[in-house]
Amino acid sequence: MEMFDVYTLFDLEPVSGKGAYVYTEDGQKYLDFYGGHAVISIGHSHPHYVKQIQDQAGKLVFYSNSVQNSLQHKLMESLSAASGLTDYGLFLCNSGAEANENALKVASFHNKRKKVLSLKGGFHGRTSAAVNATYGKKITAPINEGFEVKHYPIDDIREMVKELRKKDTCAVIVEAVQGIGGIYEVPDKCMKKLSQVCTETNTILIADEVQCGYGRTGDFFAFQQSGIHPDVISMAKGMGNGFPIGGVLINHKKTPAWKGMLGSTFGGNHLACAAGKAVLDTIQNEKLLDNARSIGKYLINSLQAIPQIKEVRGRGLMIGIEFDFPVAQLRKKLLFDHHLFTGSSSNQKVIRLLPPLNITKAEADEFLSKLKAGMNHG
Ligand SMILES: Cc1ncc(COP(=O)(O)O)c(C=O)c1O
């Protein structure tokens, strides 16, 4: 047998991690400013997280969603406290794509429509409906094209609003800050207008917070900056700090649940809930939203002062650095010569930064000096 060869791999294997660092077998230390695609929210092997998972693994790892599971309720209460949101029902699943799949399904159950509107550059996952809503056709197979999808510019939604006024759209799905697209923020006025027109036309607004949520931008959810209340919110990545867990928050007054409406074998299992609750405890106890905001501001200001950088975008610890050349070689140099993990994006000239939310100013400075060394001396 061999692995189905779909990933482009760096020739390097981290075997352990601590905080913002990962280590290879020979003891080489790497500064992780990417968190394995935005997943590491509270740092590698955070002691509270490790203990909660170990304790839960010694008690019960899994039982199905056919019995009571109070861990789900504890996770939900912590999520409500951390996000400040109350009027939602929580459905637990295992990944970002699955969260969006269920979000789109809830929308279509609600208004019985099929058409989905989204933004150019948006990424929503690789499963059937989620990939169809994703911008760009390369990863969409014919079997995924089960409904009409239209994409609009991120900063000009006039045509989108016209389309919505036809009252035949099922859902609008947007990332308030696009991740894979290259760190582009949807302007607050567009978020507000979309929210208003979706309500007027009985269209479900889905905030895809899989990457930009969970404190990443300095707000718990990125859409909260615009003061809107999406009908449905999808989340994953930072939610489990590496343990696979995803979730959907659904405005259950508008779209009530019925028995059997959604389901998952593994979603909400005991170990995933322990991991998810440990992440939320840590975000609250260590005031990680404040940290993301202040270190993010420091990083963005410092990066803006570097003349070779064309543009710095984003907020909190979700930062895009745009150069006027493709960054693949620079990222390779940073990794192998300066032991620094950074991320790419679908814009080839953009480096994506998604470090753990608890990085220190000293780690931010270490990052800046590694970046400058990579840029200046190769
Ligand atoms: C905004 C967004 N939505 C959905 C997904 C899909 O998540 P997953 O890979 O967990 O299925 C991603 C993954 O990168 C994402 O960035």
Scope segment 83-105; condition assigned to a helix (DSSP H, G or I) and within 16 Å of the ligand (Cβ to nearest atom); matching residues: GLY96, ALA97, GLU98, ALA99, ASN100, GLU101, ASN102, ALA103, LEU104, LYS105
Failed item, numbered, when TYR214 is tested on (1) in a loop (DSSP other than H, G, I, E, B); (2) farther than 15 Å from ALA82 by Cα; (3) within 16 Å of the ligand (Cβ to nearest atom): (2)
Restricting attention to segment 295-331, the residues that are out of contact with any Ser or Thr (no Cβ under 8 Å at 6 or more places or on another chain) and free of Cβ contacts under 8 Å to residues at least 60 places away in the same chain number exactly 17
Which one of these is in the same structural domain as ASN241 (by TED's automatic domain parsing), more than 15 Å from the chain's Cα centre (by Cα) and within 16 Å of the ligand (Cβ to nearest atom): LEU119, LEU194, LEU164? LEU119
Anything in segment 107-133 that is in a strand (DSSP E or B) and either at pLDDT below 95 or not small (Gly, Ala, Ser) (or both)? List them, or say none. LYS115, VAL116, LEU117, LEU119
State the number of residues belonging to segment 14-33 that are touching a residue at least 40 places away in the same chain (Cβ under 8 Å) and among the hydroxyl-bearing types (Ser, Thr, Tyr). 1
Do the conditions hold for TYR23, that is, is it in contact with a Ser or Thr (Cβ under 7 Å, 6 or more places away or on another chain), surrounded by 12 or more Cβ atoms within 10 Å (Cβ to Cβ), aromatic (Phe, Trp, Tyr) and outside any strand (DSSP E or B)? no
Within segment 200-211, which residues are in contact (Cβ under 8 Å) with a residue 60 or more places away in the chain, in a loop (DSSP other than H, G, I, E, B) and within 12 Å of the ligand (Cβ to nearest atom)? VAL210, GLN211
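The values are calculated or read from the model by the stated rules, or taken from the named source; none is laboratory data. Bear in mind that the values here come from a model prediction, so they are computed numbers and not experimental data. No Cβ is skipped: glycine too gets one built from the backbone with ideal geometry, and neighbour counts run over all protein chains shown.
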